[in-house]
1. Select from the range 269-297 the residues that are surrounded by 20 or more Cβ atoms within 10 Å (Cβ to Cβ), modelled with pLDDT under 90 and not in a strand (DSSP E or B) and list them in ascending order.
2. Say we look at the range 38-63 and pick out the residues that are closer than 22 Å to residue 281 by Cα, touching a strand residue (DSSP E or B) at 6+ places or on another chain (Cβ under 7 Å) and crowded, with 17+ Cβ neighbours inside 10 Å; which of these is modelled with the lowest pLDDT?
3. For the range 133-177, give me each residue that is without any contact (Cβ under 8 Å) to a residue 60 or more places away in the chain and outside any strand (DSSP E or B).
4. Among the residues of the range 242-253, write down those that are in contact (Cβ under 8 Å) with a residue 40 or more places away in the chain and touching a strand residue (DSSP E or B) at 6+ places or on another chain (Cβ under 7 Å).
5. If residue 229 satisfies every condition in (1) crowded, with 18+ Cβ neighbours inside 10 Å; (2) modelled with pLDDT of 85 or more but one, which is the exception?
6. Out of the residues in the range 372-383 that are more than 33 Å from the chain's Cα centre (by Cα) and either loosely packed, with under 14 Cβ neighbours inside 10 Å or assigned to a strand (DSSP E or B) (or both), state the one that is modelled with the lowest pLDDT.
7. Can you report the number of residues in the range 65-76 which are touching a residue at least 24 places away in the same chain (Cβ under 8 Å) and out of contact with any helix residue (DSSP H, G or I) (no Cβ under 7 Å at 6 or more places or on another chain)?
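The values are calculated or read from the model by the stated rules, or taken from the named source; none is laboratory data. All values derive from a computational prediction rather than experimental measurement. Because the Cβ atoms are built from the backbone with ideal geometry, glycine has one as well, and the counts that use them run over all protein chains shown.
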């Protein structure tokens, strides 16, 4: 009877796989997209290869690619190149564990300062569209709670009085869908600790203004510069590039031509303009700052007097920042300042001190804050910067 023999090398290889199943985990696949760093448009037929090896691939007509790598290549570099663009390299180890990457290639001899105003606008629109489309990928897109510190300084005559509160805001959906109804139905908050400058006697004195603040989270709420369906209703200019914290960013200035609730979040604005900082890395919005002038008092919660709705204009300035939290970005702070000819001028600062599991017991919004002060808590509470 004829017998077949198995090569010794093959036998040892098969035995090795049987005895060491962890070898399967040595390989991993990375999917990515190559885009123009200035316009955000896809770069087709870019070369993606591991330096010092024959491993490589190319991006398709939409800039997409897929490449198989292994832990044995951790010390090597992946090189991405395309005609008319500066070559970019990454350490293979940096891609381990990533499901997808976005590669931004900078055009050769093409800088923001060298293009005309029309070109700058096109660049800005492209960056903003990418930032909006990647919100679900970049930000916490599951239920969560923010534990927030809030400080309000109100000018009364020549005196400035301070009120403080600690509240929990819970979101049953997370970052993703951006509609007024979704935000209202799924975002709730409750005061946990209160530190008023005096006992609350009047309804106006207890209005929390939290609605006004959380509406300034432009990544969770519609009616702002990231509402792409209304992007053409803004004049947009890329002012340049800079570093914010440890991130390289684009700085984009915008002015709304005709503010409405759809593009500015408020039906009674006269002007709405600002600046937004967007990271090169994956189009994360790290900061947004704007100034708005409104006819009369601001939305519900900022001024209780209905008779002032058509009174003197109110000017308010808002700065919102975001931070990384366990691989996803979340809200970091909101600073709000208003100036009104009749109403009391005030500034409100909100700081997210902790991101927590969703607090399911909070099912509504607390518009009035009449909670008593807990001196023991506030004497030991470390106030955030």
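1. Once the filter is applied, which keeps residues that are surrounded by 20 or more Cβ atoms within 10 Å (Cβ to Cβ), modelled with pLDDT under 90 and not in a strand (DSSP E or B), the range 269-297 yields only 297.
2. That would be 38.
3. Within the range 133-177, 136, 142, 157, 158, 173, 174, 175, 176, 177 meet the criteria.
4. Let us first name the residues in the range 242-253 that are in contact (Cβ under 8 Å) with a residue 40 or more places away in the chain, namely 244-245, 250, 252.
The answer is 244, 250, 252.
5. (1)
6. Of the residues in the range 372-383, the ones more than 33 Å from the chain's Cα centre (by Cα) are 372-376, 379.
Adding the requirement that they be either loosely packed, with under 14 Cβ neighbours inside 10 Å or assigned to a strand (DSSP E or B) (or both) leaves 372-373, 375-376, 379.
Values: 372: 76, 373: 81, 375: 88, 376: 90, 379: 90.
Among residues in the range 372-383 that are more than 33 Å from the chain's Cα centre (by Cα) and either loosely packed, with under 14 Cβ neighbours inside 10 Å or assigned to a strand (DSSP E or B) (or both), the one modelled with the lowest pLDDT is 372.
7. Summing the residues that are touching a residue at least 24 places away in the same chain (Cβ under 8 Å) and out of contact with any helix residue (DSSP H, G or I) (no Cβ under 7 Å at 6 or more places or on another chain) in the range 65-76 gives 4.
This table checks each residue for (1) touching a helix residue (DSSP H, G or I) at 6+ places or on another chain (Cβ under 6 Å); (2) modelled with pLDDT of 80 or more; (3) buried (at least 18 other Cβ atoms within 10 Å of the Cβ).
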{"residue": "339", "(1), (2), (3)": "no, no, no"}
{"residue": "344", "(1), (2), (3)": "no, no, no"}
{"residue": "353", "(1), (2), (3)": "no, yes, no"}
{"residue": "364", "(1), (2), (3)": "no, yes, no"}
{"residue": "370", "(1), (2), (3)": "yes, no, no"}
